[in-house]
Amino acid sequence: MRKAWVLFGLLALSLNPGFAQQSDSIQLWQETFIDGRVPGPQRMQAFHAFKTWLGHALKQEGSFTHPPKPLPKVSVLTPTDESFRLYTWLYLSEDGFKAAGFVQHAPKSEGLAPRVFALEDQGLDHRSFSYRSFNDDKWPGMIYYELLEAKDGKEPYYVLLGFHPGDGIVKHKSIETMYFHSNRSPKFGKTIIELEEKLKGRLLFHYSVQAT
């Protein structure tokens, strides 16, 4: 019965663009792309529909002042100066859990649309990139649940606390650094975290899925 309901709901969304803008439809997508009981093709259809909708919504004039809703499965982080918003979420792909996200910058002046960068999870091994840096189009996906602000001299950067459910055996947490290029595109892995007399761009913690 649940499978039939999900398939019907996705069919209704694809046939009726107006319905796809309603909050019930947006919540349905989010419930579907994270649910392992739903067949893979339907999960991915829901994920792409949601990502397309959210990316379009974030690029609209006024969307920074009035963020799109509802987003129950999405982490939304904003610094104190409200210069940008960081959206991240998890979805269940055919290859396991992955993350997706957007960085939305506040418009520089009234009447302009926000600048938005999509974060593309490349499915990288979370145990191997303590010293590497990444751009938005090659991102080691995490869902970030806290944002801290810092400075390197006069240059601001951000410390992100992240989580990834892993492969069913090992899950991961991270302390990640993020900063921006001159064109405002995000970069992850500023090598400023000192540990054992070495500088890293992130700290990674790996532990059993059975651990609390």
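Data for the structure
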| quantity | calculated |
| --- | --- |
| Ala113 being at pLDDT below 95, closer than 17 Å to His56 by Cα and of a type in the set (A, V, I, L, M) | yes |
| Any hit, the stretch 49-67, residues being touching a helix residue (DSSP H, G or I) at 6+ places or on another chain (Cβ under 7 Å) and of a type in the set (A, V, I, L, M) | yes |
| Residue in the stretch 174-183 that is touching a Phe, Trp or Tyr at 6+ places or on another chain (Cβ under 9 Å), polar (S, T, N, Q) and open to solvent by 30 Å² or more (accessible area, probe 1.4 Å) present | no |
| Unique match (being within 18 Å of the chain's Cα centre (by Cα), among the β-branched types (Val, Ile, Thr) and at pLDDT 95 or above) among Val38, Val76 | Val76 |
| Of all residues making up the stretch 31-47, the number that are out of contact with any helix residue (DSSP H, G or I) (no Cβ under 9 Å at 6 or more places or on another chain) and open to solvent by 40 Å² or more (accessible area, probe 1.4 Å) | 1 |
| All positions within the stretch 184-202 that are closer than 22 Å to Phe163 by Cα, charged (D, E, K, R) and open to solvent by 60 Å² or more (accessible area, probe 1.4 Å) | Glu194 |
| Residue that is least open to solvent (accessible area, probe 1.4 Å) [pool: residues in the stretch 148-173 that are in a strand (DSSP E or B) and among the hydrophobic types (A, V, I, L, M, F, W, C)] | Leu160 |
| Selection count where residues are in contact (Cβ under 8 Å) with a residue 12 or more places away in the chain and farther than 22 Å from Met142 by Cα, scope the stretch 81-119 | 6 |
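The values are calculated or read from the model by the stated rules, or taken from the named source; none is laboratory data. All of these numbers come straight from a predicted model, not from anything done at the bench. Neighbour counts run over all protein chains shown; Cβ positions are idealised from the backbone, glycine included. Accessible surface is based on the protein model in full, side chains and every heavy atom, while ligands, DNA and RNA are left aside. Shrake-Rupley method; radii C 1.70, N 1.55, O 1.52, S 1.80 Å.
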